[in-house]
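A.B. asks: Below is a structure I'd like to ask you about.
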Amino acid sequence: MIGMLTRYASVGVVNTAIHWVVYGLFCYGLMTTQAVANLAGFAFAVTFSFFANAYFTFKKKATGPRYIAYVIFMGFLSYSVGGLSDKLGLHPIATLIIFSPASVIVGFLFFNYFVFKDKAQ
């Protein structure tokens, strides 16, 4: 389990960088709301994260239904955190500071126990 968490964290570093760059471009460059910027950042980073984790972390086949389940679940989390930040009037960096660790924890649990769970378990 420790090795799996280490690999997941390694993928997460790159995933987080992708997310933060796209978030910044949308929030500051395109002047979108935090909810839209966070969802856009997530959308760009999610594909990398899904396929890298499927191959590198969980060593499972990346299928369409698994990808869709992950995108829907984590997209909802992403948009919700951004929306809450908008509603509370938080600074845009707060969205990233809140979402990044939450997505690591919740994402790992969702990957491990739902998306890539073996049917025999």
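Rule-based calculations on the coordinates, nothing more; no lab input. This structure is a prediction, so every number in the text was calculated from the model and none was measured. Cβ atoms come from the backbone with ideal geometry, glycine included; neighbour counts cover every protein chain shown.
A.B. asks: Treat each spin label as a single point 7 Å out from the Cα along the C-beta direction, and report the ALA9 to ALA94 distance in nm.
C.D. replies: In this crude spin-label approximation the distance works out to 2.8 nm.
A.B. asks: Quote to one decimal, in nm, the extra length available between VAL106 and LYS59 on full extension: 0.36 nm per residue of separation minus the C-alpha distance between them.
C.D. replies: Separation in residues times 0.36 nm, less the Cα-Cα distance, equals 15.0 nm.
A.B. asks: The chain: Rg/Rh from Cα coordinates, Kirkwood Rh?
C.D. replies: Across the chain, the Cα-based Rg/Rh ratio is 0.99.
A.B. asks: Pick out, from THR63, GLY82, ILE105, the residue whose Cα sits farthest towards the positive end of the charge dipole of the stretch 58-121, with +1 on the Cβ of Lys and Arg and -1 on the Cβ of Asp and Glu.
C.D. replies: Result: THR63, furthest along the dipole toward the positive end.
A.B. asks: Let me ask you something else. Per DSSP H run of n ≥ 4, the term is -39500 (n - 2.57); total these for the chain, divide by its residue number, and report the mean residue ellipticity at 222 nm rounded to 500 deg cm²/dmol.
C.D. replies: -24500 deg cm²/dmol
A.B. asks: For the chain, what is the relative contact order in percent, using Cα pairs closer than 8 Å and at least 6 residues apart in sequence?
C.D. replies: It comes to 28 percent, rounded to a whole number.
A.B. asks: Which residues does a label at ALA17 reach in the stretch 55-78, if reach means a backbone N under 14 Å from a point 7 Å past the Cα toward the Cβ?
C.D. replies: The answer is none.
A.B. asks: Would you mind computing, in nm to one decimal, how far apart the modelled labels at TYR28 and ILE72 are, each placed 7 Å from Cα along Cα→Cβ?
C.D. replies: 3.6 nm
A.B. asks: If you place +1 on the Cβ of every Lys and Arg, -1 on the Cβ of every Asp and Glu, and leave all else neutral, what size is the dipole of the chain about its Cα centre, to the nearest 20 Debye? Let's see the in-between values first.
C.D. replies: Details: 8 positive and 2 negative charges, 98 e Å.
For this selection, approximately 480 debye.
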